[in-house]
Structures are given as C-alpha cells and as structure tokens.
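The values are calculated or read from the model by the stated rules, or taken from the named source; none is laboratory data. What you see is a predicted model, and the numbers here were worked out from it, not measured in a lab. FYI the Cβ positions are ideal-geometry reconstructions off the backbone, even for glycines, and counts take in every protein chain you see.
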Amino acid sequence: MFFGIVISVSVIGAIVLAIGLFLQRGREGVDLSPRPLLSAYLYVASLAAVIVTAGGLAALLTFGLGTAAARETIYGGSFGEVSPVKCAPGIDCSAEATPQEQRRRVVEQRDRRAGEDLIRGISFTLLGLLFFIAHWTARRALKIDEGRSALRRGYLMLGTLAFGLATFAMLPDGVTTVASNALLAATPDTYRPRAGEPLAGGLVALVIWLAYLRLVVRDFRNTSA
C-alpha cells in the first residue's frame, strides 16, 4: 500500500514535471547533453532511495507498534475465541483442528508477519540509506546541488507531493482502524483489517512530507529574497 501510493504519485508527477520542463524550454527543446541527463538521473535515484528507506522505516515502525501494543490490534485477524468445528452426522471430524489449534495458528501467522516486517524493515532501510548517500555524494561532488535549478525545485516539489498525498491517504485510515480495533467490542467471528501498515506508513510519510515541505518553503524564500 505504501509503495503503491508513493510510487504512483511519483511517476505521474515525474511525467508532469518532464512535460513542464519541455514546455518551459520552448523552441530550444530539452537539453540532452550528458550533465543535465546525469543530474536528472541523480535526482530521480535520490527520490527512489528516499521511498525505499521510508518503506523500511514504516515496516520497522509496524513491528515496533505490534511489539509495544496488542499484536492483534496492529496485525488484525480474528478476535475472541474460535468456535468449535461442528460436523454433520455420520462424518468423522477427528482430523479437524480444535479451537485451540486454530487460535495457535492465527497467533503464529501474526508472529510471522511481524518477523517479516522486521527483516524487510532492516534490509530496506539500510539499502535505501546506502543508495541515497551514494547519490547524494555524487551530487555534491559534481556540484549539482549548487544554485536554484529547475531540476532541484522539481525534485523537492515531487517529494512533497508524493509523501503529502501518501500521508493524507494512509494516516486517517490507520488511525481509524487502530481505534476501531482497540475500542470496539469484538465477537468470536469478528475479523479486523491490518492497521499497522497504514498507520506506520502514514506516520513515516508525514515526517518526510514535512521535511520536503520545509525545503520547498526555504527555497521559495531564498528565491523571493
């Protein structure tokens, strides 16, 4: 869900940005010399690295919430006691799982999802940070970040748009789902959706959105000065 929203918005925004730059250049067209192409690649790759890192942080936060709070609230699933299996007359149900066995399997599935979040969170965060640092270092070495280029402004605006929309799409849903799972009474056949992913993804997107927004505002003030 997190990657789907952010990547979709980023792709659409990148297309719109490319069209805008092309129209802004007018009859001269787009400069396809090596340095502008390399600059565009470094900015796109940097945004991709931020998205991967954010996905890893969201997975780690989901695992942390599931450890600190009730795991069934974060990872969803069936609440209450599992009803015994009822067999039709004349049918041997001795091989059917008992309610206790069904409950154990549900808990094991939640534990596995938590473990997957931990592994994915560590790997995505480390790889995303490594990828971002490598491209940020290349930008600094080539002095691509100097000045107020259209590419830099487009990169900041695209990051602000992508993570802003991800925040608005995920955070309200995550908060509502967690509150419903925690506060509303559950019957034995109640199934609650997984709340950790939209909540954690929304919180991470919120922090990154505010960081990009701060850079956009600062760049706007410097331009206006």
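Summary of values
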{"item": "Lone qualifier among ILE74, ILE144 - being modelled with pLDDT under 85, within 30 Å of LEU42 (Cα to Cα), touching a helix residue (DSSP H, G or I) at 6+ places or on another chain (Cβ under 6 Å) and surrounded by 14 or more Cβ atoms within 10 Å (Cβ to Cβ)", "result": "ILE144"}
{"item": "Failed condition for THR137, given (1) buried (at least 16 other Cβ atoms within 10 Å of the Cβ); (2) at pLDDT 85 or above", "result": "(1)"}
{"item": "Qualifying residue in the range 190-198 (condition: aliphatic (A, V, I, L, M) and modelled with pLDDT of 75 or more)", "result": "no"}
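Listed here are the residues, each with its yes/no results for (1) crowded, with 21+ Cβ neighbours inside 10 Å; (2) at pLDDT 85 or above; (3) out of contact with any Gly (no Cβ under 9 Å at 6 or more places or on another chain); (4) of a type in the set (S, T, N, Q).
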site	(1), (2), (3), (4)
ILE119	no, yes, yes, no
ILE122	no, yes, no, no
SER149	no, no, yes, yes
PHE168	no, yes, no, no
